[in-house]
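One structure is given below, encoded as structure tokens.
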Amino acid sequence: MPRSHRFDHDKFTTRPGKSVDLDKQSTTADDRITKADAKKELEKDVNSLSEVQRLLWADGSRAVLVILQAMDAAGKDGTIRHVMSGVNPQGCDVHGFKAPNADEVLHDFLWRPRKFLPAKGQIAIFNRSYYEEVLVVRVHPKFLEPQRLPPEPSGKDLWKSRFKDIVAFEDHLTRNGTSVIKFFLNVSKKEQKKRFLDRLDEPDKNWKFNDADIRERGFWKDYRKAYEEMLEHTSTDAAPWYVIPADDKWYTRAVVADIIAARIESLKLQPPTVSDERRAELSEARKRLMAEDA
Ligand code: ATP
Ligand code: MG
């Protein structure tokens with residue numbers, strides 16, 4: 001049974017073409033909800049997700065692609081772990097996007113994600129995604145060199161053309177039955193520092209520390225600009241970006257789960273109906289089974 005959703009999803013939704021000032025967006029939990037309540041909501045949504053995934057599988061005509069983008073230590077991994085904890089692993093794939101290998105880099109930038117797209121009935125989660133091509137690659141244009149791009153478009157036009165390509169790609173997916181659900185986990189610079197310090201100070205978190213993360217933190221402003229433009233130009237009615245406050249992990253997880261469950265419920269999936277003819281076949285199969293000696 002679909003449940004009513006606790007969070008106001010509109011509040012997190014980026015409208016197509018609307019400019020975004022990330023410094024004005026909240027990074028913390030709504031103070032009208034307590035941590036205990038959010039945990040209860042998350043639990044309900046984890047159950048709803050388990051149910052809707054079964055329906056997605058039974059219906060077999062739709063697929064779901066969840067994309068998570070964020071600065072380091074914003075909590076992408078933990079969000080995936082908690083939100084998908086009730087989902088049948090056979091119906092869900094997670095794929096992380098690192099720097100492309102020598103083969104991948106010589107293909108167009110939307111070649112790599114294709115083989116990880118979800119089949120009908122499946123959920124795929126992209127932990128980072130092709131959006132890195134308008135984020136890390138934009139902040140560090142040296143990543144463009146091995147891509148051997150044609151001379152034009154270049155400069156600002158290159159990013160504009162990539163936004164267009166992405167929108168066309170996601171429209172294509174949507175028209176062919178894949179729902180694209182995109183989250184930007186919005187962590188503050190202050191909270192990121194705190195999380196990095198935890199990784200340095202707590203021995204059991206040392207393994208999480210990566211020197212490159214501090215280097216990238218030095219480009220915070222450039223990343224914010226790149227994210228803002230990405231949000232403005234690649235939010236569409238069918239596949240809007242949701243900007244989720246990420247300084248309070250319990251809040252992030254509850255809101256993400258609530259939105260994914262609602263988006264899948266909105267597909268109004270039904271288990272396949274059994275025709276009279278098929279029912280007769282099933283009854284025949286039953287008779288045969290019952291007629292066995294054993
Ligand atoms: P975690 O740190 O939680 O394990 P992560 O997603 O940060 O997860 P890393 O291995 O630390 O994983 O980082 C992957 C790196 O690969 C990121 O810095 C990302 O920006 C980079 N990357 C992803 N796609 C591209 C790309 N197309 N070109 C260049 N770099 C990319
Ligand atoms: Mg990392």
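It is to be established whether one or more residues within region 180-192 are assigned to a helix (DSSP H, G or I), closer than 15 Å to residue 70 by Cβ and open to solvent by 20 Å² or more (accessible area, probe 1.4 Å).
yes
Let's see how each residue does on (1) surrounded by 14 or more Cβ atoms within 10 Å (Cβ to Cβ); (2) modelled with pLDDT of 95 or more; (3) at positive phi:
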| position | (1), (2), (3) |
| --- | --- |
| 37 | no, yes, no |
| 44 | yes, yes, no |
| 68 | yes, yes, no |
| 71 | yes, yes, no |
| 75 | yes, yes, yes |
| 94 | yes, yes, no |
| 100 | yes, yes, no |
| 106 | no, yes, no |
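What about residue 137, is it of a type outside the set (S, T, N, Q), surrounded by 18 or more Cβ atoms within 10 Å (Cβ to Cβ) and touching a helix residue (DSSP H, G or I) at 6+ places or on another chain (Cβ under 6 Å)?
Here the answer is yes, as residue 137 does meet what is asked.
Pull up region 114-146, narrow it to residues that are away from ligand 1 (no atom under 11 Å from the Cβ) and among the β-branched types (Val, Ile, Thr), then point me to the one that is farthest from the chain's Cα centre (by Cα).
Going through the qualifying residues, I end up with 123.
Give the number of residues within region 199-236 that are of a type in the set (Asp, Glu) and either surrounded by 14 or more Cβ atoms within 10 Å (Cβ to Cβ) or closer than 21 Å to residue 131 by Cα (or both).
Qualifying residue count, region 199-236: 6.
More than 16 Å from ligand 2 (Cβ to nearest atom), over 20 Å from the mean Cα position of the chain (by Cα) and aliphatic (A, V, I, L, M): does that describe residue 33?
Answer is yes for this residue.
Determine, yes or no, whether residue 195 is part of a helix (DSSP H, G or I), open to solvent by less than 70 Å² (accessible area, probe 1.4 Å) and under 17 Å from residue 23 (Cα atoms).
So residue 195 fails the test.
Which condition number does residue 217 fail, the rest of (1) touching a helix residue (DSSP H, G or I) at 6+ places or on another chain (Cβ under 6 Å); (2) within 16 Å of ligand 2 (Cβ to nearest atom); (3) in contact (Cβ under 8 Å) with a residue 12 or more places away in the chain being met?
Condition not satisfied by residue 217: (1).
Is one or more of the residues making up region 245-263 in a strand (DSSP E or B), open to solvent by less than 40 Å² (accessible area, probe 1.4 Å) and either within 16 Å of residue 178 (Cα to Cα) or in contact (Cβ under 8 Å) with a residue 12 or more places away in the chain (or both)?
Within region 245-263 (the criterion being in a strand (DSSP E or B), open to solvent by less than 40 Å² (accessible area, probe 1.4 Å) and either within 16 Å of residue 178 (Cα to Cα) or in contact (Cβ under 8 Å) with a residue 12 or more places away in the chain (or both)), the answer is yes, since at least one residue qualifies.
Of the residues that make up region 4-18, is at least one free of Cβ contacts under 8 Å to residues at least 60 places away in the same chain, touching a Gly at 6+ places or on another chain (Cβ under 8 Å) and hydroxyl-bearing (Ser, Thr, Tyr)?
no
Within the bounds of region 90-113, is there any residue that is under 30 Å from residue 195 (Cβ atoms), away from ligand 1 (no atom under 13 Å from the Cβ) and within 20 Å of the chain's Cα centre (by Cα)?
So far as region 90-113 goes, yes, one or more of its residues are under 30 Å from residue 195 (Cβ atoms), away from ligand 1 (no atom under 13 Å from the Cβ) and within 20 Å of the chain's Cα centre (by Cα).
The values are calculated or read from the model by the stated rules, or taken from the named source; none is laboratory data. Since the model is a prediction, treat every value here as computed from it, not as a measurement. Neighbour counts are summed over all protein chains in view; Cβ atoms, including those assigned to glycine, are modelled from backbone coordinates with ideal geometry. Surface accessibility is based on the protein's heavy atoms, side chains included, excluding ligands, DNA and RNA. Shrake-Rupley method; radii C 1.70, N 1.55, O 1.52, S 1.80 Å.
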